[in-house]
Amino acid sequence: MAAYRASVRGKAAAPAITVGEGKESGKLDFDHPDKAVAACLLAGAVGTNDLDFLGGILVQIANVASKGQTVDAGAVNFMLSMVKGVEPRDQIEAMLAAQMAAVHNATMTFARRLNNVENIPQQDSAERAFNKLARTFTAQVEALKRYRSVGEQTVRVEHVTVNEGGQAIVGNVATGGRGSPQKTEATS
């Protein structure tokens, strides 16, 4: 418990999302007494300061998490927690994290279907979809890694000794190219 408390100390918890019922059915709201504070906390958790973006990404997450016309607050909050877990630093990362959450959910759906097949065609269909989704998720993780490492450079320092009278080349040296020189004959 102490390690968990230390890991979250100083971090303001982003509020959960609630879904209205009755006349307010499907309306998303924040589970927080101050809606403005809630919006700011959640916006920060998804890497944006644009409240229009926050509203749009929340609606998209709710649409993906919905089953038919019913919005499931638990599913919305689960997907939102996946997005927050990526700790997006900007809107591009937030969009990629939302896609990753959607692909993860679909992957798990097809894993369940694969586990409950009744015939070979169902097995083949679920296996193909599961395989494609799992590869897509891996590609998304790599894309996030590449996006986050833009501008970072690797510097490799090697020790080189050049004695007096010697010459050195700094940089990458590749051999090859033209091949061996050919003899040319003079024509008269």
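The values are calculated or read from the model by the stated rules, or taken from the named source; none is laboratory data. Source: prediction; values computed, not measured. With ideal geometry, Cβ positions are generated from the backbone for all residues, glycine too; neighbour counts draw on all protein chains shown. Surface areas here come from the heavy atoms of the whole protein model, side chains and all, with no ligands, DNA or RNA. Shrake-Rupley method; radii C 1.70, N 1.55, O 1.52, S 1.80 Å.
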Between region 126-143 and region 28-75, what's the alpha-carbon centroid distance in Å?
26 Å
May I ask you to give the percent of accessible area on region 3-153 that is carbon plus sulfur, with a probe radius of 1.4 Å?
54 percent
Violations at 23 Å Cα threshold for listed pairs K23/K67; K27/K145; K27/K132; K23/K84 -> K27/K145; K27/K132; K23/K84
Please compute the net charge surrounding V103, taking Lys and Arg as +1 and Asp and Glu as -1 over other residues with Cβ under 12 Å from its Cβ.
+2
With the other protein chains left in place, how much accessible area per residue, in square angstrom, belongs to region 33-152 at a 1.4 angstrom probe?
60 Å²
Which one of F53, Q91, A106 is farthest out on the positive end of the charge dipole of region 45-118, using unit charges on Cβ (Lys, Arg +1; Asp, Glu -1) and the Cα centre as origin?
A106
Counting Lys and Arg as +1 and Asp and Glu as -1, what is the net charge of the other residues whose Cβ lies under 13 Å from the Cβ of N131?
+2
Lys and Arg at +1, Asp and Glu at -1: neighbours of A62 with Cβ under 14 Å from its Cβ sum to -1
Spin-label pair R113/D29, simplified geometry with 7 Å Cα→Cβ offset, distance in nm:
3.6 nm
Between T18 and residues 5 or more places away or on another chain, the pairs with built amide H atoms under 5 Å apart involve D29, F30, D31
